[in-house]
Amino acid sequence: MLEALDRGIHGYFPFSHSRRLRRDHFDDWLTDELDEAIDEILDDFEDVDQFLTASQMSRAVQRNQVLSGQLGWQSHYDAIVRFLASTGCLRPNYSPGWQDLSEAIACWQQRQGLTADGIIGRNTWGRMQTALRLQPSPSEAISSLTAESPRGPFGTLTVSTSGFPIFSYPFTSEDVLWTARFIVGEAGGRADLDNQAVIWAMFNRYALFTHRNFPTFHQFLRAYSTPLQPVLKNPGAARRHMHKSSFVRTGGYYPRPNDHIPRGQLQKHCQLQRTPWNQLFQSARSLAERAMKGLIPNPIGNASEFASTRIYFRDQYGRYPNQTEWERFTREYPSRSKKNWQWIGPVPNLDQMKNAFFIDKRAINLPADAIRVVSPIPED
């Protein structure tokens, strides 16, 4: 079910068809993939004017990360991206990071006669709201809350503690929808403590680290999860399937030295990405909604990494470990693998032989409740 990534990424996702999920080297993989994506974008836009200097870009990214929550445009991210693409300021069918988004905003601002600073502040957001027609009538607002969509309001993912940047991100219906698809695609749709722990690891990683690269939570999930990627990020995965009838070409080829491999995705993954809310497993929908309303407990503290150390032991020794062997192997795994992690230790009722959870030592001194999903205020 899961596509193995080429860069030695291992892990385990409970109840997946393959019982394997390669994840422990995800940060290295993500860095490589982001570098590759940046090179690709530069190739595509080499003739486009640059609107922001390096210092202006740095300020724009920082301000947009703050203002997206303060002004509320974070929840309209997808609509903003589609709109910028329609104006020619952004490549179509592309999900940009903060820098590319800021550059596209500056492009649009210049065309509108606004100060081209790349920041969606009050004036730019007001102009953009008018262009996007983000003032639905009461009937439109009611009709959007159907069985086809997750029902809010949803909670806010927060980090609030001394010694770490303050972070606040309000979950959207798109986040809930893609999280449910994530649960189906990676774990067969089951709602249990093991999968709750994995979702919390995703929350923690996004809140602590990856929100700097991905403006929305569902954009992060789609980069992380092979079944949710619009196009397979790993050319090796595409190469293994390129001659099969289940491989759907999306156009173009991967960058050198893989320029002989067509871009694409598996048909079953494309179908999952198109599956509407009311056709996803009820268990996945329920878990996604409860998680993003702050209604599921966090069993792993600030852990943001997970790996299948039981599988690694078997790969190394040709047999599965007993409990004592597994605990020793898991405790020593970060140092052997040169990872700046620490195992969280045993957790009651959580079977970490499926996935062992680790804290990134950059967050080791944070209070256990530093990362929270603040429940929404109940509607009258």
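Read-outs throughout are calculated quantities, based only on the coordinates presented, and are distinct from any laboratory measurement. Being a predicted model, the structure only gives us computed values, none of them experimental. Cβ: placed from backbone, ideal geometry, glycine included. Neighbour counts: every protein chain shown.
At a glance:
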{"read-out": "For residue 371, net neighbour charge (Lys/Arg +1, Asp/Glu -1) across residues whose Cβ lies under 15 Å away", "value": "0"}
{"read-out": "Least to most buried among 205, 239, 256 (fewest other Cβ within 10 Å first)", "value": "256, 239, 205"}
{"read-out": "Peptide ranges 103-114, 319-330 listed from the most packed, as the mean C-beta count within 10 angstrom indicates", "value": "103-114, 319-330"}
{"read-out": "Net charge of Cβ neighbours under 15 Å - reference residue 66; Lys, Arg +1; Asp, Glu -1", "value": "+3"}
{"read-out": "FRET efficiency estimate (nearest 0.05) - Cβ-Cβ, residue 337 to residue 278, R0 41 angstrom", "value": "0.45"}
{"read-out": "Fewest-first sequence of 167, 357 by Cβ atoms within 10 Å of each Cβ", "value": "167, 357"}
{"read-out": "Pairwise centroid distance, computed over Cα atoms, of region 191-245 with region 309-355, Å", "value": "23"}
{"read-out": "Least to most buried among 100, 351 (fewest other Cβ within 10 Å first)", "value": "351, 100"}
{"read-out": "Inter-label distance, nm, simple model (7 Å from Cα along the C-beta direction), residue 270/residue 209", "value": "3.3"}
{"read-out": "Charge context of residue 81, other residues only, Cβ under 11 angstrom, K/R +1, D/E -1", "value": "0"}
